[in-house]
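First the structure, in the form of structure tokens, and then the observations on it.
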Amino acid sequence: MSDTALTPKTRTRTKTERPKLHKVILVNDDFTPREFVVTVLKAEFRVNQDQAYRIMMTAHRRGTCVVAVFPKDVAETKATRATDAGRKQGYPLLFTTEPEE
Ligand code: TYC
């Protein structure tokens, strides 16, 4: 029965890989004012004052902080916009992205 011509020899792969999410990472520097970092986080990542302050202080103390995860293109767009907001004011504020494990 299992050797008849009707028995499929291969299985169709039905599992769809989920596209990898990318982390947006806030990088500390010695120049950007704390309040400005909080303002950018609230505007670009839609976090509230308390969340924004915690994220900013984590980067301030530890060097970096993961802000959020998004599909690759969204993460890159948000990181670029947030970094540009700092540059426009003459600050070295930096957001980077990397794929989630
Ligand atoms: N370290 C900055 C200061 O003391 C504040 C700051 C925090 C800047 C986090 C960037 O990602 C950052 N003014």
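Taking the numbered list (1) within 12 Å of the ligand (Cβ to nearest atom); (2) open to solvent by less than 50 Å² (accessible area, probe 1.4 Å); (3) more than 15 Å from residue 32 (Cα to Cα) in turn, residue 68 passes all entries but (1).
Could you check the stretch 71-86 and list, in sequence order, the residues that are open to solvent by 30 Å² or more (accessible area, probe 1.4 Å) and over 30 Å from residue 17 (Cα atoms)? Before you say what the answer is, go through the steps one by one.
Taking the stretch 71-86 and keeping what is open to solvent by 30 Å² or more (accessible area, probe 1.4 Å), we get 71-74, 76-78, 80-81, 84-85.
Across the stretch 71-86, the qualifying residues are 84, 85.
Residue count for the stretch 28-56 satisfying the condition of being exposed (fewer than 15 other Cβ atoms within 10 Å of the Cβ) and among the aliphatic types (A, V, I, L, M): 1.
The values are calculated or read from the model by the stated rules, or taken from the named source; none is laboratory data. Computed from a prediction, not measured in an experiment: that's the story for all the values here. All Cβ positions, glycine included, derive from the backbone under ideal geometry; neighbour counts span all protein chains shown. Note: accessible area is taken over every heavy atom of the protein model, side chains too, but ligands, DNA and RNA are not part of it. Shrake-Rupley method; radii C 1.70, N 1.55, O 1.52, S 1.80 Å.
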